[in-house]
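The values are calculated or read from the model by the stated rules, or taken from the named source; none is laboratory data. A quick note: this is a predicted structure, and the numbers were derived from the prediction, not measured. Cβ coordinates were reconstructed from backbone atoms using ideal geometry, including for glycine residues, and neighbour counts include every protein chain displayed. Side chains are part of the model used for accessible areas, which takes the heavy atoms of the whole protein and leaves out ligands, DNA and RNA. Shrake-Rupley method; radii C 1.70, N 1.55, O 1.52, S 1.80 Å.
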Amino acid sequence: ALEGEARQVLEVAENSESSARFRLRTLTKLGPAKLRFTASSGEASARRTIGLSVRPATPFMTTTAAGSLRKSSLDVPIERSMYPEHRTLEASLSLLPLAIGHGLVVYLDNYPYLCTEQLVSRAVPALVLAERPEFGALQARGGATIEDLMSELRQRQNDAGAFKLWPGGNQVAEFPSLYAQHFLLEALEMRRSVPDDVVHAANGWLRQLAARDGDNLAEERHSAYAIYLLVRQGHVMSTQAARLHKRLRERYKGEWEQDLAAAWLAAAYRLMRQESDATRTVGDLTFGSGQRTDAYSDSMTRDALLLYVLSRHFPERLPALRAQVLESIVGRVNRNLYHSLSAGTTLLALDRYARALPPEAASGLRADEILRDKRLRRLELPASLLPKVDFTDDAVALRFTSGSNLNAYYAVTLAGFDRNAPVQEIRDGFEILREYLDTDGRPVAKVKLGEQLDVRLRYRALDRKTITDVALVDLLPGGFELVIPPRESLSTLYQAGPTDSASDVPAADSYQSCTFCSATSRTWLQYADAREDRVVFYANLDGNFHELTYRIKATNVGQYAVPPAYGEAMYDRSSRARSLAGSIEVIRP
C-alpha cells in the first residue's frame, strides 16, 4: 500500500536528473507486487512497471497428521494459521493405507534441498502415483519431474558410473547411487523414457560393488542391493550372491538376519528361482528391527524398503504382517519423523503393497469440518479408492468417521507459510546463532542504504554429540541482496582434516571452497547454495562452535523483518534449531 501522495511534481533542468521518493507498506498478500510509474511533461510521457517480491518472515513448512480408526469417529485439531498463498489444506480418508501418501506427496513436492538422494525421492510421486487419478495432476503441483531428474543424474554421473552427491563436487555416497539406479529401473518398467547409457554405466559400478568383499555390514548391505538391482535386469549373479551369503553368515551372525542385506539377497534369490535359498534368507525378517549404521539406514526407511521387497517378491507373507506394518508407518508419519528418503521409500512401498493386497470396498467413510462455532460442515469425499478433499481455513478441527470393520486411514496435510513469526528459539540437539555485523565486527540493527553487512552464523551440536547432514538455512531480510565477491578476492574455505580435531566428524572431501562465504578452520562444510532469497549450507556438526560468514548489501530504505535462521538434520527431523526473529532498518545516507 502507498503511504503519502501518489503524485509528485519535479523540476528537472535541461541535461539533468532528479528523483522522487515514495513510501510503501507491505500488506499480508504474498507474491509479486507491481508498481507502475508514469512520468509526463507537456505532450511527452513515459511508463515503467517494476515488480517487488513480498515474502513472509517464516520458512515454508509441511506437517501431516495421520492415523487410523475402525467403526468410530475421531477429531483432528487444526493448529496452524497460514497465509493463503501457496497454502495446501488437504484431508484424505480411505481403507487403503496409500491414503497416508497424500501428505508425503505434498512434503516431497516442496522439499527444499538438493543432494542426489533428495532429488530422486522428490521424483518418486511423479513415478509411482502419476497413473493413480486419485492423487490428481501431480505435475500441476510444481513437484519434481522425471525428465528433470534424468537430466540431472546424467550430469552427476562420474566416470565409474556412480552418481555424485552434490552438483559440481566429487563425493560419491554408495546408497544414493544405488537408490538412483533403483529409480531408473522402476521408471523403465513403467515405460518412462530413461537414458540407456546412464543405466549401462551405472551397472558397471554395480558390478564392482556386487563382487567386492565389504569391510562392514553397511558395505555388505550395499553389495546385496547391487546384486538385486543387477538380477532385476536379467544378470546372473549366483556366484556373487553365494559368496556374499557366506560372508554374512561367518562374519555377522546375529546381525545380518534382520538387516536389509537379507531382504535384498532373498529377493535376488527368488528372481533367480533359487526358492530354498530365498525362503531361508528372508527367514524371520520383522519390522522395527535392524541397526542404524548411517544416515540412510534409519528405522522408517529400513521398514519401508522391507515392505517394498515383501510386497513385490514375497506377497504371501503380507497378511500376517498387515497390522504391525501399517500402524508403525502411521505412527511415524503422525509424529513427523519422516524425511526425504523415508518419504520416498514409503511411497514406493505403499504403492507396491496396494498392488499386492487390494482393499475391500469402502463403507461409511465421512469427513467433516468442525467450525469455530462448533457446527459441522460436510466435506464431500470423491468416489475413489483414495479419496482426497480440500478443506477451508475456517476449520478448527476435522472429524473423520468410519463405519467399516476394517481399519480406515486418514491424513491431514498442512503446507505453507505461517502468519506469525516465531518468538522463541529452538534448540533440539543443536543451536544456531546469527548476527549482523558492520565492517568493524560490531553488531548493528541500523544500516545506511548501499552499505554492506557481514552475516555471521554460529552453530554447534549440544551435549557434545555429532550430528551429520545438517541443512542450515538463512533467509535474507527484504531490502537486502547477497554479495558475491570478485573471484580474485575470494577467501578459500579451509577444510578441516581428520587430524585437525579429536572429533569423529568426517571431513568432506568434495567441496573445498565457497564462492560467497568464509568459514573457520573447524567447519566441515559439504556444500553451499546461494538462492534469490536465502543461503543454504550443508554441514556436519560436533560440540564445538563453528562459524560461517557471508555478506549482504542494503538496496532499499525501510524497516524490515528479519526471519529467523534455522536448521535441521536432514535424516533426523528431531534434531533442529532456530534463532530468534528480529528487525533491521535501512536509512538514507
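Based solely on its DSSP helices, what 222 nm [θ] is calculated for the chain when runs of n ≥ 4 H residues each add -39,500 (n - 2.57) and the sum is averaged over all residues, nearest 500 deg cm²/dmol? Let's see the in-between values first.
Working: 12 runs with 160 residues, N = 589.
Here the helix-only value at 222 nm equals -8500 deg cm²/dmol.
Dipole size in debye (nearest 20) for the chain around its Cα centre, Lys and Arg Cβ +1, Asp and Glu Cβ -1?
Magnitude of the dipole: close to 1000 debye.
Compute the relative contact order of the chain as a whole-number percentage, counting only Cα pairs closer than 8 Å that sit 6 or more residues apart in sequence.
Numbers: 1166 pairs, mean separation 110.9, N = 589.
Relative contact order here is 19 percent.
Give the calculated FRET efficiency between R531 and F22 to the nearest 0.05, with a Förster radius of 35 Å applied to their Cβ-Cβ distance.
The computed FRET efficiency comes out at 0.75.
How far apart, in nanometres, would the label points at L580 and N158 be if each is projected 7 angstrom from Cα along the Cα-to-Cβ direction?
Between L580 and N158, the label points sit 4.5 nm apart.
Say the dipole of the chain comes from +1 at the beta carbon of Lys and Arg and -1 at that of Asp and Glu; which of A461, Q424, N203 then lies farthest toward its positive end?
Q424
Rounded to the nearest 20 Debye, what is the dipole magnitude of segment 322-444 about its Cα centre when Lys and Arg each give +1 and Asp and Glu each give -1 at the C-beta?
In total the dipole reaches around 620 debye.
For R87 and K446 in the same chain, what is the full-extension length gain: residue separation times 0.36 nm, less their Cα-Cα distance, in nm?
Between R87 and K446, full extension yields 125.9 nm more.
In whole percent, and with a 1.4 Å probe on the protein chains, what portion of the accessible area of the chain is carbon and sulfur?
Reported share for carbon and sulfur atoms: 46 percent.
Suppose R0 equals 51 Å; then what is the FRET efficiency for E3 and E547 from their Cβ-Cβ distance, rounded to the nearest 0.05?
For E3 and E547, the calculated efficiency is 0.80.
Stretched out fully, how many nm does the piece from M61 to K465 gain, at 0.36 nm a residue minus the Cα gap?
142.8 nm
Could you work out the pair-distance distribution P(r) of the chain from its alpha-carbon pairs, with 10 angstrom bin width and percents rounded to whole numbers?
Final binned percentages: 3, 15, 23, 24, 18, 11, 4, 2, 1, 0.
For N420 and R366, calculate 0.36 nm times their separation in residues minus their Cα-Cα distance, and state this gained length in nm to one decimal.
Fully extending the segment from N420 to R366 adds 16.2 nm.
Based on C-alpha coordinates, I'd like the Rg and Dmax of segment 379-450, in Å.
Both quantities, over Cα of segment 379-450: 23.4, 70 Å.
Hey, rough spin-label estimate for R36 and N216, points 7 angstrom out along Cα→Cβ, what's it come to in nanometres?
With each label placed 7 Å out from Cα toward Cβ, I get 6.4 nm.
Simple spin-label model, 7 Å along Cα-to-Cβ: D294 to L188 in nm?
2.3
Output the 0 to 90 degree angle, nearest 10, between the alpha-carbon long axis of helix 146-156 and the longest principal axis computed from the alpha carbons of the chain.
90
Could you sort the peptides 170-181, 532-543, 237-248, 144-155 by per-residue average Cβ neighbour count (10 Å cutoff), highest mean leading?
170-181, 532-543, 237-248, 144-155
Would you please report the Å³ per residue occupied by the convex hull of the alpha carbon atoms in segment 203-320? Numbers along the way, then the final one.
Values: hull volume 11.7 nm³, N = 118.
Taking only Cα atoms, segment 203-320 has a hull volume of 99 Å³ per residue.
Bins of 10 Å, beginning at zero and ending with the bin holding the largest distance: percent of Cα pairs per bin for segment 1-103, please.
9, 27, 19, 15, 12, 9, 6, 2, 0
Applying 1/(1 + (r/R0)^6) with R0 = 25 Å to the Cβ-Cβ distance of R273 and Q324, what FRET efficiency is obtained, to the nearest 0.05?
0.25
Among 415-428, 562-575, how do they line up from the highest to the lowest mean number of other beta-carbon atoms within 10 Å?
562-575, 415-428
Around R434, with a cut-off of 12 angstrom between Cβ atoms, what is the net charge of the other residues, counting Lys and Arg +1 and Asp and Glu -1?
Working: positive: R456, R458, R578; negative: E425, E431, E435, D454, D474, E547.
My count for the surroundings of R434 gives -3.
In what sequence, highest mean first, do 381-393, 263-275, 288-300 appear when ranked by Cβ atoms within 10 angstrom?
So the order, starting with the most tightly packed, is 263-275, 288-300, 381-393.
Rounded to the nearest 10 degrees, what's the angle between the helix 196-211 long axis and the longest principal axis of the chain, both from Cα atoms, 0 to 90?
Rounded to the nearest ten degrees, it is 60.
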